[in-house]
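Data block below; observations after.
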Amino acid sequence: MTETVHGVRLGVDVGQVRVGVARSDPHGVLATPLVTLARDLTTAEDAVPSDMAELVALIAEHECVEVVVGLPVNLSGQHGPAARNVKAYADRLADVIAPVPVTLTDERMSTVVASRRLAERGVRGKRQRAVVDQAAAVEILQSWLDAQRRRTR
């Protein structure tokens, strides 16, 4: 078993329109919301989309050791069109941010859970849409961090 590297990790929730971003503390205990980026779908194949360029800046600013991207697996465990889209995004991101590794993690229901938690706190409508992607990124990263801690006990 490999020793877990200490350091900040980014959690990323890739959507069709927005990319939610969360970060961990350096000890890998707690995920917190960071920012929501507009997805740049207009960039030429050979150029870096602006959302990925912003992720590069965040990785440098927070000295990240890894990026954890939520993979929207179907409830049956299959990879549908959304999962293939996210996998393509993660592959391109990995090329852009190398040598920082990109890890895919099952994120079934993260947006649903995030929306429910926000609603329970009274955050609804436009305010919820503005932060649900960050909250989903927190859910993705927090569940990944928790799984890593369980694995190293």
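For the chain, the solvent-accessible area works out to 56 Å² per residue, with a probe of 1.4 Å and every protein chain left in place. What FRET efficiency would be calculated for the residue pair Thr152, Thr32, taking the C-beta separation as r and a Förster radius of 30 Å, to the nearest 0.05? Efficiency for this residue pair is about 0.90.
Taking amide H positions as modeled 1.01 Å from N, with prolines and chain starts lacking one, the residues under 5 Å from Arg18 and 5 or more places away or on another chain are Arg39. For the listed peptides 6-16, 81-91, 59-69, a ranking on the average number of other beta carbons within 10 Å per residue, highest first, reads 6-16, 59-69, 81-91. Relative contact order of the chain: 30 percent, from C-alpha pairs under 8 Å at least 6 residues apart in sequence. Given their separation in residues at 0.36 nm each and the Cα-Cα distance between them, His79 and Ala98 gain 4.3 nm when the chain is fully extended. Remark: the Cα gyration tensor places the chain in the rounded category, a/c being less than 1.5.
The values are calculated or read from the model by the stated rules, or taken from the named source; none is laboratory data. Every value quoted in this text rests on a predicted model; they were computed, and no experiment measured them. Note that each Cβ is placed from the backbone with ideal geometry, even for glycine, and that neighbours are counted across all protein chains shown. Protein only, heavy atoms only, side chains kept; ligands, DNA and RNA dropped before computing areas. Shrake-Rupley method; radii C 1.70, N 1.55, O 1.52, S 1.80 Å.
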